[in-house]
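The values are calculated or read from the model by the stated rules, or taken from the named source; none is laboratory data. For clarity, every value in this text was computed on a predicted model and none was experimentally measured. Methodologically, a virtual Cβ is constructed for each residue, glycine included, from the backbone with ideal geometry; neighbour enumeration extends over all protein chains shown. Please note that ligands, DNA and RNA were not included when accessible areas were found on the heavy atoms of the full protein model with its side chains. Shrake-Rupley method; radii C 1.70, N 1.55, O 1.52, S 1.80 Å.
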Amino acid sequence: MPQTPHPALEPKLHTAREIALAAAALAATAIATAFAAGELAGAFARALEAHDRAAVAGLVVVAGVTAFLVYGSAVYQLARLGWLRRVARHEPAPAAALDALHDGHAPPVAILVPSFKEDARVVLQTLLSAALQDYPNKRVVLLIDDPPEPHDPAELSSLLAARALPARIRERLREPAVRFGTALANFERRARAGELDAACEARELGRLYGRAADWCEREARAVARRTHADAFFVDLVLERLRSEHAARARRLEASAGAHDEAALRREYRRLAGLFAAEIVSFERKRFANLSHEPNKAMNLNAYLGLLGKRLSLRRVPGGHSLLEAGADEVPDLVVPRARYVAMLDADSLVAPEYLSRLVEVMERPGNERIAVAQTPYSAFPGAPGSLERVAGATTDVQRVIHQGFTAYGATYWVGANALVRRSALEDIAVEGEERGFAVTRYIQDRTVIEDTESTIDLAARGWELYNYPERLAFSATPPDFGSLVIQRRRWANGGLVIIPKLVAYLLRRRRPLSEATMRFHYLASITAVNVGLLLVLAFPLTRAELLWLPFTAVPYYGMYLRDLRLLGYRWGDVARVYALNLLLIPVNLSGVAKSLHQAWTGEKIPFARTPKVTGRTAAAAGYVLAEYVLVLQWMTGAAFDFAARRWSHGAFAATNAAFLLFAIGAFIGFRESREDLLAPLRRARPAPLPEPALTPLPVSIPAIPRLRLEHEPLRTPVSYTR
C-alpha cells in the first residue's frame with residue numbers, strides 16, 4: 001500500500017485542483033438533491049391525492065432519512081473543502097521560531113500518559129516518543145490505573161512491569177543525558193571565562209550531534225520489529241531523530257565560525273534538553289482522597305489537581321492520603337507547575353516535533369484564548385490485517401473531517417492526544433465529592449466521550465480549540481472485531497446526552513450557522529444515519545420508484561474514494577469501508593441505546609476500555625448474532641420485494657446483504673463468528689467435578705513494593721518548578 005514519504009506531513013496535494021473538484025462535487029450534490037426533492041414531492045402529491053396514508057407516512061420517513069444523509073454528505077464535503085483550504089494556506093513555523101524555545105524561556109509542559117492494564121511494550125514506545133520530544137522543559141508522567149494490590153499473579157506481573165517502565169527509560173537515556181549535560185556545563189564554563197572559539201565550538205557541536213545520531217541508530221537496531229507498530233515507531237521517532245541530528249551535524253561542521261555565542265548556547269541546550277526529560281509514574285488508587293472512578297478522565301483529573309502543589313503523606317482510616325503541606329512543613333512530594341498539559345493515550349506515538357510545534361502555536365500573540373491544540377491522530381500505516389487497515393482508513397478520513405472543522409470554528413477535542421492550556425482547564429473545573437472526599441473535575445466524566453463534552457464546556461467559556469494541519473500523532477487501531485466493538489460502541493455512546501448542552505451553548509452565545517451545522521452533525525450523525533439506514537433497509541417504505549435518490553450519494557462516495565487514494569489507500573477500500581459500516585450498525589445502535597438509557601435514568605455508563613491483548617478478542621455473541629439476523633432479514637426482504645416487483649428496493653436490500661455477508665467473512669471470519677456464537681453455550685455447561693489430586697503447593701506472589709508517592713529514585717524532596 002503506498003504511503004506518503006513523510007508520515008508527519010499532509011499528503012502532497014495539488015490544492016487548486018482538489019478545491020475545484022470539491023466545489024464541483026458540492027454542486028453535483030445540490031443538483032441531485034433538487035431532482036430527488038422534486039421526485040419525492042411528486043410522489044407525496046400522488047399519495048395525498050389517493051388518500052394513501054401508508055404511502056404518505058413512508059414517504060415522510062424516506063424524505064427525513066434522505067435529508068439527514070444529504071446533510072451528512074454536505075458536512076463531509078464542506079469539511080474536506082475547509083481542510084484543503086487550510087492545507088493550502090498552512091505555513092509551518094520557521095526553524096528559528098522552534099529553535100528559540102531552547103533559549104531558556106520554554107513554558108513547562110507535563111506529558112500525562114494514562115494507562116490501564118496495557119502491554120508494557122506498547123507503553124514503552126509511547127513513553128519514549130514523549131521523552132524524546134525536541135522540547136526542553138518537559139516532564140513525562142505515566143498514570144498507572146491498575147488495581148494497586150492485585151491478587152492475580154498475571155495482573156501483578158503486568159503492574160510491576162508498568163511501574164518499572166520509567167526506570168527502564170531513564171536508564172536508556174542516562175548516558176546521552178550525562179554526556180550532553182556535561183557538554184553544556186563545559187560550554188557555560190568556557191563562556192564565563194571568555195575562552196570561546198566559535199569555529200571550535202561549532203565543530204564540537206557537530207561531533208556531539210553525530211554522537212546523538214549514533215545513539216538513535218543503536219536504539220533503532222535494538223528494537224525488535226515484531227509488528228508494523230514497532231517498525232513505525234522506529235521510523236517516526238528514532239529514524240526521524242537520527243536523520244535530523246546527522247543533518248545538523250553536517251550543517252554545523254560546514255558553517256564553523258558562523259555562529260555567535262547565543263546560537264551556540266541554543267544548540268548545546270537543545271542537545272542537553274532532548275535526553276533530559278524527567279520520567280515518573282503515579283498511581284492515584286493508592287491514595288484514599290483521590291478519585292477512584294474507573295475511567296480515563298478521572299485518572300487524568302486526579303493528577304491535574306496535584307500540579308503545582310507541595311504535598312504530605314498522611315495515614316487515614318483505610319489507607320493514606322495526599323494533603324497539601326503547611327508552609328513550614330517539609331513536603332513528601334512536590335509536583336511541578338505546568339503551563340500546558342499534553343495528554344497522550346498509552347497506545348499513541350507522536351513525532352519528535354509535536355510539542356515544539358503546538359507550544360509555538362499556543363504562545364503566538366493573539367492565541368491566548370486557544371485552550372486545546374492537537375493533531376487529530378492517524379492510524380499506524382502498514383497494518384497487516386484487513387479489519388485493522390480498513391478501520392484505520394475510516395480513522396484517517398475522520399482526521400480530514402476534524403481538520404476541516406477548524407475552518408468553521410467547530411473543532412472538537414479528540415482525546416488520544418492534545419496539548420491543553422492549564423488555565424483553561426481551571427476555568428471549566430467543577431468541584432464534587434466522591435466517597436466523602438472533595439474531588440475536582442477538570443475534564444467531565446459524565447459520558448464516556450469526555451473530550452467531546454469538555455469541548456462544549458470550553459467553548460461555552462469563550463475558549464477556542466485548534467487542529468494543527470500536519471500529521472504529528474498516530475494511534476493504534478483495534479486489530480479484531482471484538483476489540484473494535486468495544487471502541488466503536490464507546491464512540492457511539494454519549495452524543496445524544498451532550499446535545500442539550502450544545503444547543504444551550506449555540507443559542508446563548510449566538511454562534512454562526514456553519515459552526516452549529518458541524519457541531520450538531522458530529523453528535524447526532526451516528527444515531528440518525530444508523531437508525532435511518534436500518535429503517536430504509538428493513539421496510540419498503542414507499543412503492544414509488546425514486547430514481548434520483550441514489551445519485552445524491554454519488555458525490556459523497558466519489559470524494560471519499562478520492563480522500564482514500566490521497567491518504568495512500570486502495571481503490572477498492574471504499575467498498576470495504578461501506579461493508580465495515582454495515583457491520584458496525586448493531587454496535588453503533590448499542591451505543592445509542594446506552595445514551596438513551598443514560599438520558600432517561602441519569603445513570604453514568606461505565607467506561608469500557610479498548611483491550612490491547614495478544615491474540616483475538618472474542619466478540620459478544622449478541623453482536624455476532626445480530627449480524628447474521630440482518631443478513632437474513634435483508635435477503636428475505638429482497639426476495640419479497642422482487643416478488644412484489646419493487647425492483648429498486650429489492651436490489652438495494654440484496655446488495656447490502658451481500659456487502660454485510662462479505663464483511664462478516666472478511667472482518668470477523670466465519671469460523672471465528674461460530675466460536676463467538678457458541679461461547680455462551682460452552683460457559684453454560686456445568687463444569688466437571690475435579691478429580692482427586694495432591695494438594696498443590698501455595699502460589700508465591702511477589703510482595704507489593706512499599707508505598708512510594710512517585711516511582712522514581714528515592715531522594716530528598718525538592719521542587720521541580722522551573
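Candidates are the residues of segment 93-106 that are open to solvent by 20 Å² or more (accessible area, probe 1.4 Å) and not in a helix (DSSP H, G or I); the one that is nearest to L264 (Cα to Cα) is G104. One residue stands out among those in segment 168-201 that are of a type in the set (A, V, I, L, M, F, W, C) and either open to solvent by 50 Å² or more (accessible area, probe 1.4 Å) or outside any helix (DSSP H, G or I) (or both): the one that is modelled with the lowest pLDDT, which is L196.
With respect to A34, determine if the residue is open to solvent by 60 Å² or more (accessible area, probe 1.4 Å) and not charged (D, E, K, R). So A34 passes the test.
The rows are residues; the columns are (1) over 27 Å from R192 (Cα atoms); (2) among the acidic types (D, E); (3) touching an Asp or Glu at 6+ places or on another chain (Cβ under 6 Å).
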{"site": "D214", "(1), (2), (3)": "yes, yes, no"}
{"site": "E219", "(1), (2), (3)": "yes, yes, no"}
{"site": "A222", "(1), (2), (3)": "yes, no, no"}
{"site": "A229", "(1), (2), (3)": "yes, no, no"}
{"site": "L236", "(1), (2), (3)": "yes, no, no"}
{"site": "R240", "(1), (2), (3)": "yes, no, no"}
{"site": "R251", "(1), (2), (3)": "no, no, no"}
{"site": "A254", "(1), (2), (3)": "no, no, no"}
{"site": "A262", "(1), (2), (3)": "no, no, no"}
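Evaluated against (1) under 22 Å from V624 (Cβ atoms); (2) in contact with a Leu (Cβ under 8 Å, 6 or more places away or on another chain); (3) in a loop (DSSP other than H, G, I, E, B), W571 falls short on exactly one condition, (1). Can we say T695 is out of contact with any Lys or Arg (no Cβ under 8 Å at 6 or more places or on another chain), buried (at least 17 other Cβ atoms within 10 Å of the Cβ) and either modelled with pLDDT of 95 or more or not in a helix (DSSP H, G or I) (or both)? So T695 does not fit the description; no. For segment 484-525, which positions are open to solvent by 50 Å² or more (accessible area, probe 1.4 Å), hydrophobic (A, V, I, L, M, F, W, C) and out of contact with any Leu (no Cβ under 7 Å at 6 or more places or on another chain)? Within segment 484-525, W491, V503, L507, L513 meet the criteria.
The residues on offer are A277, A254, and the sole one that is closer than 30 Å to Y303 by Cα and at pLDDT below 90 is A277. For segment 254-265, filtering for residues that are part of a helix (DSSP H, G or I), surrounded by fewer than 17 Cβ atoms within 10 Å (Cβ to Cβ) and in contact (Cβ under 8 Å) with a residue 24 or more places away in the chain leaves 2. Residues that are touching a residue at least 40 places away in the same chain (Cβ under 8 Å), out of contact with any Lys or Arg (no Cβ under 8 Å at 6 or more places or on another chain) and open to solvent by 20 Å² or more (accessible area, probe 1.4 Å) within segment 290-336 comprise E293, P294, R310, L313, V330, D332, listed in sequence order. In segment 599-640, the qualifying residues are those that are under 30 Å from V62 (Cβ atoms) and modelled with pLDDT under 90, and the one that is most open to solvent (accessible area, probe 1.4 Å) is W600. Would you call A154 within 23 Å of Q125 (Cα to Cα) and in contact with a Lys or Arg (Cβ under 9 Å, 6 or more places away or on another chain)? When the stated conditions are applied, A154 does not pass them.
The residue pairs whose first member lies in segment 435-452 and is at positive phi, whose second member is at pLDDT 90 or above, and whose beta carbons are closer than 8 Å, counting only pairs six or more residues apart or on different chains, are R435/A288; R435/H292. Scanning segment 107-142 for residues that are part of a loop (DSSP other than H, G, I, E, B) and open to solvent by 10 Å² or more (accessible area, probe 1.4 Å) returns P108, F116, K117, E118, D119, D134, P136, N137. Residues of segment 430-466 that are closer than 23 Å to G409 by Cβ and touching a strand residue (DSSP E or B) at 6+ places or on another chain (Cβ under 6 Å): L458, W463, E464, L465, Y466. Only residues that are more than 28 Å from the chain's Cα centre (by Cα) and acidic (D, E) were counted across segment 616-630, and they come to 0.
In summary, V359 fulfils each of the numbered conditions (1) farther than 16 Å from A416 by Cβ; (2) out of contact with any strand residue (DSSP E or B) (no Cβ under 7 Å at 6 or more places or on another chain); (3) open to solvent by less than 10 Å² (accessible area, probe 1.4 Å) with the single exception of condition (2).
Assess whether Q444 counts as being within 29 Å of F232 (Cα to Cα) and modelled with pLDDT under 90.
Working: within 29 Å of F232 (Cα to Cα): no; modelled with pLDDT under 90: yes.
Criteria not met by Q444.
Given the residues A20, A28, which is the only one that is in a helix (DSSP H, G or I), open to solvent by less than 50 Å² (accessible area, probe 1.4 Å) and modelled with pLDDT of 90 or more? Break it down stepwise before answering.
Working: A20 fails: open to solvent by less than 50 Å² (accessible area, probe 1.4 Å).
Sole residue among the options that is in a helix (DSSP H, G or I), open to solvent by less than 50 Å² (accessible area, probe 1.4 Å) and modelled with pLDDT of 90 or more: A28.
Does any residue of segment 422-441 turn out to be of a type in the set (G, A, S), over 22 Å from Q374 (Cα atoms) and outside any loop (DSSP other than H, G, I, E, B)? Yes; the residues of segment 422-441 include at least one that is of a type in the set (G, A, S), over 22 Å from Q374 (Cα atoms) and outside any loop (DSSP other than H, G, I, E, B).
Report yes if L546 is surrounded by 15 or more Cβ atoms within 10 Å (Cβ to Cβ), within 30 Å of S590 (Cα to Cα) and not polar (S, T, N, Q), otherwise no. Explain how you work it out, then say what you get.
Details: surrounded by 15 or more Cβ atoms within 10 Å (Cβ to Cβ): yes; within 30 Å of S590 (Cα to Cα): no; not polar (S, T, N, Q): yes.
Against the criterion (surrounded by 15 or more Cβ atoms within 10 Å (Cβ to Cβ), within 30 Å of S590 (Cα to Cα) and not polar (S, T, N, Q)), L546 does not qualify.
Test E431 against the criterion of being open to solvent by 10 Å² or more (accessible area, probe 1.4 Å), of a type in the set (D, E, K, R), farther than 15 Å from Y340 by Cα and in contact with a Pro (Cβ under 9 Å, 6 or more places away or on another chain), and give yes or no. Criteria not met by E431.
Out of contact with any strand residue (DSSP E or B) (no Cβ under 7 Å at 6 or more places or on another chain), at pLDDT below 85, farther than 30 Å from L547 by Cα and part of a loop (DSSP other than H, G, I, E, B) - does that describe any residue in segment 655-669? No: segment 655-669 contains no residue that is out of contact with any strand residue (DSSP E or B) (no Cβ under 7 Å at 6 or more places or on another chain), at pLDDT below 85, farther than 30 Å from L547 by Cα and part of a loop (DSSP other than H, G, I, E, B).
Looking only at segment 388-424, which residues are out of contact with any strand residue (DSSP E or B) (no Cβ under 8 Å at 6 or more places or on another chain), open to solvent by 10 Å² or more (accessible area, probe 1.4 Å) and among the aliphatic types (A, V, I, L, M)? Passing the criteria: I401, A407.
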